[in-house]
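Presented below is the structure to which this report refers.
No lab work stands behind these numbers, since they all come straight from the coordinates. Just so it is clear, the model here is predicted, and its values are computed rather than measured. Because the Cβ atoms are built from the backbone with ideal geometry, glycine has one as well, and the counts that use them run over all protein chains shown.
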Amino acid sequence: MDEDIRQANRKLVKKLLLAVAAASVFGFAMVPFYDALCKITGLNGKTGGAASAQTVQARKIDTSRFVTVELNGNTMQGLSWEFGANQNKLRVHPGEIVMTAFHVKNPTNQALMGQAVPSVSPGWTAQYFNKIECFCFKQQTLNPGESKEMPLTFFVSPELPKDVKEIALSYAFFPIGNGS
Amino acid sequence: MTTATTATASHEHDAHHGHPTGIMRWLKSTNHKDIGLMYMIFGTTMFFAGGLLILLVRAELFMPGLQFLNPSIYNQLVTLHGLIMVFAFIMPLTTGFNNYLIPMMIGASDMALPRLNNWGFWILPPAAILLLIPFFLQFFGIGDGAASNAWTMDNVALDLQSGIGMDFTIVVVHLLGISSITGAINVIVTIFNMRAPGMTLWKMPLFCWAWLVTSFMLLAVIPVLGAVVTMLLTDRHFGTHFFIASGGGDPLLFQHLLWFFGHPEVYIVLLPAWGILPTILSTFARKPVYGYKAQVYSFWAIGILGSFVWAHHMLSSGMPLAGELYFMYATMSVSIPTAVMIFCWIATVWRGSMTFETPMLFALGMIVMFGIAGLTGLVIPDIAAYAQYHNTMYVVGHFHYPFFGGAVLGFMGATYFYLPKMTGHMYDEKLGKLHFWLTIIFFNFTFTPMMMVGLAGVPRHLADYALKYTEYQMLSSVSAILLGATQLIFLYNIIKTARGNGEKATAQVWEGAQGLEFTLPSPPPYHTFTTPPEVK
């Protein structure tokens, strides 16, 4: 092989390796990008953290219509808690502050830690679902046999499009610790 | 390296441009023909290994209820079959063909990076062993078996499977990824820098073009696969939460990233076969390739379009309607360049003076099977109907049409086409034709029943099914076993030819064969085109 072909080969290899590195970085960069995209579009039904004081203050109660909010709770594999909503269905006015609760019980003989992860369906309505107080904001620890009432305070934004009559809020309780 | 072999090597080197003999010839080889052959032999071996695994699965599905396998072993076998066939069979096999053929097709003396080439190959055998080890270890009470969450490495395994199988798989995916990337870099550098004088890009055979597009796709998506399995690994062992919802991660992100690699992978598997097909068709139709440029543009169009349609594998994951619509239309748009290619193939043989030697039979068979693949696939991304197809045996039946009916048939044809060139002897034409007809019959009787039971509602990855599907499943199982047995004819024919039986092949081999590789004697000498040929 001629020396100048060798040289050219080496140059091209370097460029291609750079492309490989860029593609790897792209793979990892998708993680924050995806989170941002979900937050903006409400894709995936991810709800945000606690609603800010301004949003709570600025809301107006729309008494002209009702929205049915369905509540649902599941525990994931590895966390054998009894978990569910106290009321499975609520009829609320958009803008109205609603207080409800979920119950949870640890029937096992060991203390367990869990984290509830909310999901709203249809996904794009997540941006209209505002939580003021939620047990999902922090991890929960339950001693053997302990049971708990966990409050949830929320309101549905009055800007919710009129054709939406039902929103479902579902919690999945994941185990924390023990290697997961 | 021992001193003895060094001495032998240098001694031979003194005498002539020889090469080490025995095992060292293969271990240290930097010759593109040797490495190409090793890739092909490795790929073919894994083809039989992966086939054997799935025959066990088909044996289990012969009757409802559980007879031979428990569900865990069943899913491990399905997973290993998928991983082996994609990563250890078809990708190495097509890489073998590119190694053997591309330098001869473009008039280069060798691949541009021969040592990287050697390294890229020798990563494969250890990787294949690592992939299979956990499966066998479980029978000695070590670990809980191989990965059992399908070749997509579905990350529900974070909960379902905590054993060593998944960790082995992650390492193997990294190794195979490195091998693929080295191969892709080598192809790109060879094609850009090593062409003979006068061999412009627009004069290259379509196989070179197809591999060029494939290589760029590999460079773009294999690192993403590397990133996603790395994240899976850190999630499993180092407390990160990329995909674990309890820590703010998102399991769906895994699917998005996996399929961002996974769908282009379909074209990575298929493009080389699409590249070699026109050569075979034009040889036996004794006509030049029709629509050469149209086919090259189609390769690029499919490569690019195919990288932006991944979420049609996850239409039931609850995407917003706008997203689903986008992925439906984008997916269906891929069929436009694909149709361009199919029409070019048909136009190539149209009114040609056709003869039907075995490679031609496989090539024509591939056009038909690939057509069925396209038509059975076109309905799946339809978001209105998708729910019925998702995760059913219909999908399994469908994707075997492009994989087996497209890539595997294409490369069986290519094997018969180039076997006389590689060995210097003609293969047994009668056995070749028998192999073709039995393959095409049993292939269809294996996978069509799968589509039917799938439409009726039988899900994938289940070791059992309802009684009413028994007849179809039996038909599929019997055909699968016969399909597997038929491949022994193929193996026998190759070995027989390689051992020097059969009449001598001429340099041109086939009456209508064109291209630089057919100007060389059969078999080609160890070093070819050390002085570049002049291409007009």
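Distance between the modelled labels on A:K162 and B:T234, one decimal in nanometres: 4.9 nm (7 Å Cα→Cβ projection). Normalising the average separation of contacting C-alpha pairs (under 8 angstrom, six or more residues apart) by the number of residues puts the relative contact order of chain A at 27 percent.
Note on segment A:1-41: Cα convex hull, mean projected area over all directions, 3.3 nm². Among residues other than B:G198 with Cβ under 13 Å from its Cβ, the summed charge is +2 (Lys and Arg +1, Asp and Glu -1).
Rounded to the nearest 20 debye, what is the charge dipole size of chain A about its Cα centre when +1 sits on each Lys and Arg Cβ and -1 on each Asp and Glu Cβ?
Numbers: 18 positive and 14 negative charges, 58 e Å.
In total the dipole reaches around 280 debye.
Excluding the site residues themselves, the longest part of chain B lacking any GluC sites (Glu not before Pro) in a DSSP loop with at most 14 other Cβ atoms within 10 Å is B:1-502. The angle separating the long axis of helix B:335-349 from the principal Cα axis of greatest extent in chain B is about 40 degrees. Here, chain A has an Rg and a Dmax of 23.7, 83 Å when only alpha carbons are counted.
With +1 on each Lys and Arg Cβ and -1 on each Asp and Glu Cβ, and nothing else charged, work out how big the dipole of the protein assembly as shown is about its Cα centre, in Debye to the nearest 20. Working shown, then result.
On the way: 39 positive and 37 negative charges, 205 e Å.
Once rounded to the nearest 20, the dipole reads 980 debye.
Here the spin labels are modelled as points 7 Å beyond Cα on the Cα-Cβ line, and at B:S316 and B:A385 they lie 1.6 nm apart. Relative to the longest principal axis of the Cα atoms of chain B, helix B:409-423 runs at roughly 30 degrees.
Angle of helix A:3-41 to the longest C-alpha principal axis of chain A, folded into 0 to 90 degrees and rounded to 10: 10°.
Helix content alone sets the calculated 222 nm mean residue ellipticity of the protein assembly as shown: runs of n ≥ 4 DSSP H residues at -39500 (n - 2.57) each, divided across all residues, give -18500 deg cm²/dmol. For segment A:89-142, the set of trypsin sites (Lys or Arg not before Pro) satisfying both a DSSP loop assignment and a count of at most 10 other C-beta atoms within 10 Å is given as A:K138.
Where in segment B:457-497 does the amide nitrogen come within less than 16 Å of the point 7 Å from the Cα of B:L434, taken along Cα to Cβ? Taking a point 7 Å out along Cα→Cβ of B:L434, the residues of segment B:457-497 whose backbone N falls under 16 Å are B:482-497. Restriction of the GluC sites (Glu not before Pro) in segment A:75-180 to DSSP coil positions whose beta-carbon has at most 10 other beta-carbons within 10 angstrom yields no sites. Counting beta carbons within 10 Å around each of A:K165, B:K33 and listing the fewest first gives the order A:K165, B:K33. Here segment A:1-41 is assigned +1 on the Cβ of each Lys and Arg and -1 on the Cβ of each Asp and Glu. Its dipole about the Cα centre then comes out at about 60 debye.
Summing charges over neighbours of B:E517, with a neighbour being any other residue whose Cβ is under 13 Å away from its Cβ, gives +2 when K and R count +1 and D and E count -1.
Sparse packing (at most 14 other Cβ atoms within 10 Å of the Cβ) combined with a DSSP loop state is found for the following chymotrypsin sites (Phe, Trp or Tyr not before Pro) in segment B:448-536: B:Y526.
Pairs with C-alpha atoms separated by more than 24 Å, drawn from the list B:K430/B:K496; A:K89/A:K165; B:K293/B:K421; A:K89/A:K148, are B:K293/B:K421. Quick one: what does P(r) look like for the protein assembly as shown with 10 Å bins over all Cα pairs, in whole %? Bins of 10 Å from zero give 3, 13, 22, 24, 17, 11, 6, 4, 1, 0 percent of pairs. When chain A is treated as a GNM with alpha-carbon contacts under 10 Å, the residue of A:A168, A:A111, A:A22 showing the greatest mean-square fluctuation is A:A22.
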